[in-house]
């Protein structure tokens, strides 16, 4: 007899009722199953395809499933760097502590790949700094959002290319908790768990590659923490300035925006000296450039991609001599229809899966052409030269 589960669905997702929920997902043989890149999971995971997109289904005991769904549901309003929940599935006919009792369905992270695969591959050396920056930035953003992860590891992270950097994405939250804010002790504990997990991951990868522990990059977690602490220190700074040097307030906001962080509030408090004030900033999510790009153009991109594309938009506005708001609105429409969208249509030739990343790669190539020539280069000319060169990406530092 077919047994129907209880489902809690997010908006704009399928109902998933056509899937064979009466059997464990590891035994499914269904036309909706698709193979997608994935890392190591402690619970069974499969992927299914619908018109609305590809979704990951992870099976686990009910308590863990409810917690993960709740955490991801709350986090999706605070950060773009976590898996987006689609549904919670409960099988009421199975005891709640059994592995098959429930499942969490999330949207597949577009253009995302397991960090563990990157770290274990031959390109990791040149990308080590990118991994450190990406994971440290993700942990800072999660902690700002009040999220104690509790299980950060290379297996629980995806990465996707983000212009000349990479972006880390959290995909497992079964052990996580959301608080109004985290104490220093909670943040330190979360970082300690990460260090231990990452060291274990690196040891496993070294052994799997035929080496010994002496070849494992056991300092990777410690280096992530060092970068994390640098970022946290910058965010917590509360500089004291003379009252007549208000330009330093703008400098402080620019510094935070360049790191990608939105500033929700600026509080100016009088200092001990009547001539001094202290600047305190309340920092929001790391979406400053992506929010600005979407606001101006409607183009969705990750943070570093958006920063690169915004430079292209501003170059176009200067080229058109747009000064007034009306002139800028018209010029942005022209940028979309004459410049951006025609180039994006050509990205079918691009070997990568993310056309926005391809556009950023092409912009970087175009910049090099223009610098060498000493004059502007059109997108059409740059694209053909970039294609002929084999679609090179950003150089690794």
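Here residue 277 meets the list (1) more than 26 Å from residue 80 (Cβ to Cβ); (2) crowded, with 16+ Cβ neighbours inside 10 Å; (3) at pLDDT 90 or above almost entirely, failing just condition (3). Here the condition is being part of a loop (DSSP other than H, G, I, E, B) and in contact (Cβ under 8 Å) with a residue 40 or more places away in the chain; of 190, 217, it holds for 217 alone.
I'd like to know if segment 248-255 contains one or more residues that are in contact with a helix residue (DSSP H, G or I) (Cβ under 8 Å, 6 or more places away or on another chain) and within 30 Å of residue 393 (Cα to Cα). Taking every residue of segment 248-255 in turn, at least one turns out to be in contact with a helix residue (DSSP H, G or I) (Cβ under 8 Å, 6 or more places away or on another chain) and within 30 Å of residue 393 (Cα to Cα).
Looking at 139, 118, just one residue is modelled with pLDDT of 95 or more and more than 30 Å from residue 16 (Cβ to Cβ), and that residue is 139. Could we say that residue 125 is over 23 Å from residue 303 (Cα atoms), in contact with a helix residue (DSSP H, G or I) (Cβ under 9 Å, 6 or more places away or on another chain) and in the same structural domain as residue 144 (by TED's automatic domain parsing) here? The answer is no for residue 125. Would you mind telling me which numbered condition in (1) modelled with pLDDT of 95 or more; (2) under 19 Å from residue 18 (Cα atoms); (3) surrounded by fewer than 17 Cβ atoms within 10 Å (Cβ to Cβ) residue 55 fails? Among (1) modelled with pLDDT of 95 or more; (2) under 19 Å from residue 18 (Cα atoms); (3) surrounded by fewer than 17 Cβ atoms within 10 Å (Cβ to Cβ), residue 55 violates only (3). Answer yes or no as to whether residue 109 is assigned to a loop (DSSP other than H, G, I, E, B), touching a strand residue (DSSP E or B) at 6+ places or on another chain (Cβ under 8 Å) and under 23 Å from residue 287 (Cβ atoms). When the stated conditions are applied, residue 109 passes them. Of all residues in segment 170-187, those being free of Cβ contacts under 8 Å to residues at least 12 places away in the same chain and in a loop (DSSP other than H, G, I, E, B) number 1. Of all residues in segment 145-169, those that are part of a loop (DSSP other than H, G, I, E, B) and either surrounded by 22 or more Cβ atoms within 10 Å (Cβ to Cβ) or touching a helix residue (DSSP H, G or I) at 6+ places or on another chain (Cβ under 8 Å) (or both) total 8. Out of 351, 355, 342, 272, one residue alone is farther than 27 Å from residue 389 by Cβ and either over 22 Å from the mean Cα position of the chain (by Cα) or surrounded by fewer than 18 Cβ atoms within 10 Å (Cβ to Cβ) (or both). It is 272. Residue pairs whose Cβ atoms lie under 7 Å apart, sitting 6 or more positions apart in sequence or on different chains, and linking a residue in segment 115-144 that is outside any helix (DSSP H, G or I) to a partner that is modelled with pLDDT of 95 or more, do not occur here. Among the residues of segment 174-187, those identified as surrounded by 13 or more Cβ atoms within 10 Å (Cβ to Cβ) and out of contact with any strand residue (DSSP E or B) (no Cβ under 7 Å at 6 or more places or on another chain) are 175, 187.
Per-residue answers, yes or no, for (1) in contact with a strand residue (DSSP E or B) (Cβ under 7 Å, 6 or more places away or on another chain); (2) not assigned by TED's automatic domain parsing to the domain that holds residue 222:
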site: 60; (1), (2): yes, yes
site: 73; (1), (2): yes, yes
site: 79; (1), (2): no, yes
site: 102; (1), (2): yes, yes
site: 119; (1), (2): no, no
site: 133; (1), (2): yes, no
site: 141; (1), (2): no, no
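Taken residue by residue, segment 24-39 has no member that is in contact with a helix residue (DSSP H, G or I) (Cβ under 9 Å, 6 or more places away or on another chain), part of a helix (DSSP H, G or I), farther than 29 Å from residue 208 by Cβ and modelled with pLDDT of 95 or more. Being surrounded by fewer than 16 Cβ atoms within 10 Å (Cβ to Cβ) and touching a strand residue (DSSP E or B) at 6+ places or on another chain (Cβ under 6 Å) is not true of residue 233. Test residue 323 against the criterion of being outside the structural domain of residue 167 (by TED's automatic domain parsing), assigned to a loop (DSSP other than H, G, I, E, B) and out of contact with any strand residue (DSSP E or B) (no Cβ under 6 Å at 6 or more places or on another chain), and give yes or no. For residue 323, the condition - outside the structural domain of residue 167 (by TED's automatic domain parsing), assigned to a loop (DSSP other than H, G, I, E, B) and out of contact with any strand residue (DSSP E or B) (no Cβ under 6 Å at 6 or more places or on another chain) - is met.
The values are calculated or read from the model by the stated rules, or taken from the named source; none is laboratory data. Everything numeric in this text was worked out from a predicted model, so none of it was measured. We place every Cβ from the backbone using ideal geometry, glycine too, and count neighbours over all the protein chains shown.
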